[in-house]
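J.: Dropping a structure here in structure tokens format, bear with me for questions.
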Amino acid sequence: MMVKFVRTSLLIICITLPLSGCWDIKDINHRLLPVTMGIAKQGEEYEVILQIPQPTQNTTKIKIVKETGKTITQAIDRISMNMESSVELLHLRIIIIDKETAELGIADILSGFIRAREVSSKTLLVICDEELDSFFANVNGAMESENIAIFDFFEKDKGWTPHIVLTRVWEAFRSIHSYTIDVAIPIVASGESTIISHVGSAVMKKGRMVDRVTSDESLLFNTFHGEGAEGKIEVMDKASVLIVDSAVKNKHQFVDNRPYLQCQINIDVVILEAQKGATNEVIKNDLEKALSNRFKELFAKIQANKADILGLGQYYRSNIPRTKLKEWRTAYYPALTLDVQFHVDIRNEGYIKNPS
């Protein structure tokens, strides 16, 4: 009888122990799930702005809350302390960083995110070309009335175009600790006739903004990295074409301790509009010349800043001794010779028939 009682007691204990594993669970209704975070450094403190969607019966309202702290974590804790629900950052989609803060450097910000693991490493980074308070005030009302979110402008199945660079937290964090690669981050501002205006990309070097490139140069950046399809380009005021496909072939050499890179970019286009008298051959030559010159200007700009946002140093990691990789940006990259050639193939003339 005693043995049966002990067995029954042990069975009950084994069944009830797993049930205590959810004692600290929080109901979804008591969680705040911001999708956008704004960060600006003000003196010795950080200002953090959270954009929190609040679904209602027929639409989604957007709530803006902000707080300051010596660290980003402290600012978020203060927001949670003053809110009716706890703030959870795992659903964060976009982090918008003030331009002045980006120029000072974002290494500490990214290190905090990676260390705390409260923010997904896949969260997109964006730099704001105006004060964050002004930006959120301008875009919030328009987004609320049209029931859209900021990250819709960066989704590939929604508002993204090849003129927009996409850089995630883990990519920017990797570049800070890498000898041979840097990143570009998109720059936005509130629009006049549109909600958001894309004004190019920031050139980041070791986590600090050192220059900026235009939207057209950002398109070439994406093309180089295989993201350049379906982008419109105006060519010498003679035609408008649509890029439908692109491919990049690179051949690198390391001669006499100097890097050389031959880059051929093949682009398939469709003519959308053309002026009278503009033949396919003229359009093809003008496009190749315009793209080549634009790419050379882009490379000259980033090479002068010793910022390898194209990741060219990755091709030479096997040619440079490990002990000298840290000299890539200062010794090898400035001496790199790049020969880029564009080859344009016009698939058809669309609905416009031009004389050959």
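J.: When only residues in segment 73-100 that are at pLDDT 90 or above and touching a helix residue (DSSP H, G or I) at 6+ places or on another chain (Cβ under 6 Å) count, which is surrounded by the most Cβ atoms within 10 Å (Cβ to Cβ)?
T.: Asp98
J.: Please work out which one of (1) hydrophobic (A, V, I, L, M, F, W, C); (2) within 23 Å of Leu298 (Cα to Cα); (3) more than 15 Å from the chain's Cα centre (by Cα); (4) not assigned by TED's automatic domain parsing to the domain that holds Tyr332 is the condition Ile148 fails and give its number.
T.: It fails just one condition, (2).
J.: Out of (1) in contact (Cβ under 8 Å) with a residue 12 or more places away in the chain; (2) loosely packed, with under 14 Cβ neighbours inside 10 Å; (3) within 18 Å of Asp216 (Cβ to Cβ), what's the single condition that is false for Asn293?
T.: It fails just one condition, (1).
J.: From Gly191, Gly159, which residue is surrounded by fewer than 18 Cβ atoms within 10 Å (Cβ to Cβ), on the phi < 0 side of the Ramachandran plot, touching a helix residue (DSSP H, G or I) at 6+ places or on another chain (Cβ under 8 Å) and without any contact (Cβ under 8 Å) to a residue 24 or more places away in the chain?
T.: Exactly one residue qualifies, and that residue is Gly159.
J.: Can you give me the number of residues within segment 47-70 that are out of contact with any helix residue (DSSP H, G or I) (no Cβ under 7 Å at 6 or more places or on another chain) and loosely packed, with under 15 Cβ neighbours inside 10 Å?
T.: Selection size over segment 47-70: 9.
J.: Considering only segment 257-270, I want to know if a residue exists there that is touching a helix residue (DSSP H, G or I) at 6+ places or on another chain (Cβ under 9 Å), assigned to a helix (DSSP H, G or I), surrounded by fewer than 14 Cβ atoms within 10 Å (Cβ to Cβ) and outside the structural domain of His163 (by TED's automatic domain parsing).
T.: no
J.: Out of (1) crowded, with 16+ Cβ neighbours inside 10 Å; (2) within 30 Å of Lys324 (Cβ to Cβ); (3) at pLDDT 95 or above, what's the single condition that is false for Val126?
T.: Here Val126 meets the rest and fails (2).
J.: Of the residues that sit in segment 318-356 and are of a type in the set (Val, Ile, Thr) and assigned to a strand (DSSP E or B), which one is modelled with the lowest pLDDT?
T.: Here the answer is Ile346.
The values are calculated or read from the model by the stated rules, or taken from the named source; none is laboratory data. Given the structure is predicted, the values throughout are model-derived calculations rather than measurements. FYI the Cβ positions are ideal-geometry reconstructions off the backbone, even for glycines, and counts take in every protein chain you see.
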